[in-house]
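Asks: Mind having a look at this structure? Questions to follow.
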Amino acid sequence: MKNIVLRGRVHKYGSNVNTDEIIPARYLNTTEPSELAKYCMEDIDGNFVKNVKDGDIIVAENNFGCGSSREHAPIAIKASGISALIAISFARIFFRNSINIGLPILECPQAVKEIQNGDVIEINLGEGKIIAKDKTYAAQLFPEFMQNIIRDGGLLNYTKLHRKN
């Protein structure tokens, strides 16, 4: 993933953003990504859907994605146009679900503390670097096999591309 560089505007949130705030349960009667995206972050940020642009990035504090194990949450985020998430920490099942659908997530406490809502930042996924306001932060780099899953758009796509007949 050395050549994957993302650039976008930051939407910043606090700690313990749960899956019901990411995609409220009342909208879980579908798994269609474009439909889920219409309601993404609705209960925590009523303007999110109006303000998000393709390529934007979510930055959050601790335990992002806590709550139920539904895969709908990272699907809604990715379908809304978000290209990556940065947090101090992620709930483990949200972390795994994000990788499974090819949504890049990075843990970098120092970047989270210093990056502000509305900043435009750049992420080099292959190097684990986050650049904001002429400052570079080092996020924990994914092992190569996880980078390949993200690069291929998720576990299902990765499996299809690398299946041996």
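Asks: Just for segment 134-149: of the residues that are crowded, with 17+ Cβ neighbours inside 10 Å and either basic (Lys, Arg) or modelled with pLDDT of 90 or more (or both), which one is farthest from VAL112 (Cα to Cα)?
Replies: First, the residues of segment 134-149 that are crowded, with 17+ Cβ neighbours inside 10 Å: 137, 139, 142, 147, 149.
When the remaining residues are screened for being either basic (Lys, Arg) or modelled with pLDDT of 90 or more (or both), the result is 137, 139, 149.
Details: TYR137: 10, ALA139: 11, ILE149: 25 Å.
Among those residues, the one meeting the criterion is ILE149.
Asks: Go through the residues of segment 88-100 one by one and say whether even a single one is in contact with a Leu (Cβ under 8 Å, 6 or more places away or on another chain), within 13 Å of SER15 (Cα to Cα) and of a type in the set (A, V, I, L, M, F, W, C).
Replies: Start the filter on segment 88-100 by keeping residues that are in contact with a Leu (Cβ under 8 Å, 6 or more places away or on another chain), which leaves 98-100.
With within 13 Å of SER15 (Cα to Cα) added as a condition, the list becomes none.
Within segment 88-100 (the criterion being in contact with a Leu (Cβ under 8 Å, 6 or more places away or on another chain), within 13 Å of SER15 (Cα to Cα) and of a type in the set (A, V, I, L, M, F, W, C)), the answer is no, since none of the residues qualifies.
Asks: Starting from residues that are modelled with pLDDT under 95 and hydrophobic (A, V, I, L, M, F, W, C), keep the ones in segment 1-21 and report whichever is nearest to ILE123 (Cα to Cα).
Replies: VAL5
Asks: If you don't mind, another one. Mind listing whichever residues of segment 22-38 are of a type outside the set (Val, Ile, Thr), within 24 Å of VAL120 (Cα to Cα) and under 16 Å from the mean Cα position of the chain (by Cα)? Before the answer, list the steps.
Replies: We begin by selecting, within segment 22-38, every residue of a type outside the set (Val, Ile, Thr); these are 24-29, 32-38.
Right, trim to within 24 Å of VAL120 (Cα to Cα) and you get 37-38.
Passing the criteria: only ALA37.
Asks: Sticking with this structure for a sec: Return only the number of the condition from (1) closer than 18 Å to THR31 by Cβ; (2) among the aliphatic types (A, V, I, L, M); (3) within 10 Å of the chain's Cα centre (by Cα) that ILE93 does not satisfy.
Replies: The failed condition is (3).
Asks: In this structure, is GLY153 of a type in the set (Gly, Ala, Ser), in contact (Cβ under 8 Å) with a residue 40 or more places away in the chain and closer than 16 Å to VAL5 by Cα? Full working, then the answer.
Replies: Values: of a type in the set (Gly, Ala, Ser): yes; in contact (Cβ under 8 Å) with a residue 40 or more places away in the chain: yes; closer than 16 Å to VAL5 by Cα: yes.
Here the answer is yes, as GLY153 does meet what is asked.
Asks: Exactly one condition in (1) farther than 23 Å from GLN140 by Cα; (2) surrounded by 15 or more Cβ atoms within 10 Å (Cβ to Cβ) is not met by ASN47; state its number.
Replies: (2)
Asks: Going through segment 150-165 one residue at a time, which ones are surrounded by 11 or more Cβ atoms within 10 Å (Cβ to Cβ) and part of a loop (DSSP other than H, G, I, E, B)?
Replies: ASP152, GLY153, GLY154
Asks: In addition: Could you say which residue among ILE82, ILE99, ILE88, ILE22 is more than 28 Å from LYS133 (Cβ to Cβ) and surrounded by 18 or more Cβ atoms within 10 Å (Cβ to Cβ)?
Replies: Details: ILE82 fails: more than 28 Å from LYS133 (Cβ to Cβ); ILE88 fails: more than 28 Å from LYS133 (Cβ to Cβ); ILE22 fails: more than 28 Å from LYS133 (Cβ to Cβ).
Selected residue: ILE99, the only one of ILE82, ILE99, ILE88, ILE22 that is more than 28 Å from LYS133 (Cβ to Cβ) and surrounded by 18 or more Cβ atoms within 10 Å (Cβ to Cβ).
Asks: Additional query: When only residues in segment 93-131 that are among the aliphatic types (A, V, I, L, M) and free of Cβ contacts under 8 Å to residues at least 40 places away in the same chain count, which is farthest from ASN51 (Cα to Cα)? Even if it seems obvious, please write down each step before you answer.
Replies: Within segment 93-131, the first condition is being among the aliphatic types (A, V, I, L, M), and the residues that meet it are 93, 99, 101, 103, 105-106, 111-112, 115, 120-121, 123, 125, 130-131.
Next, from what is left, pick out any that are free of Cβ contacts under 8 Å to residues at least 40 places away in the same chain: 93, 105-106, 131.
Numbers: ILE93: 27, ILE105: 21, LEU106: 22, ILE131: 22 Å.
The selected residue is ILE93.
The values are calculated or read from the model by the stated rules, or taken from the named source; none is laboratory data. As the structure is a computational prediction, the values presented were derived from the model and not from experiment. Every residue, glycine among them, receives a Cβ derived from its backbone with ideal geometry; neighbour counts consider all protein chains shown.
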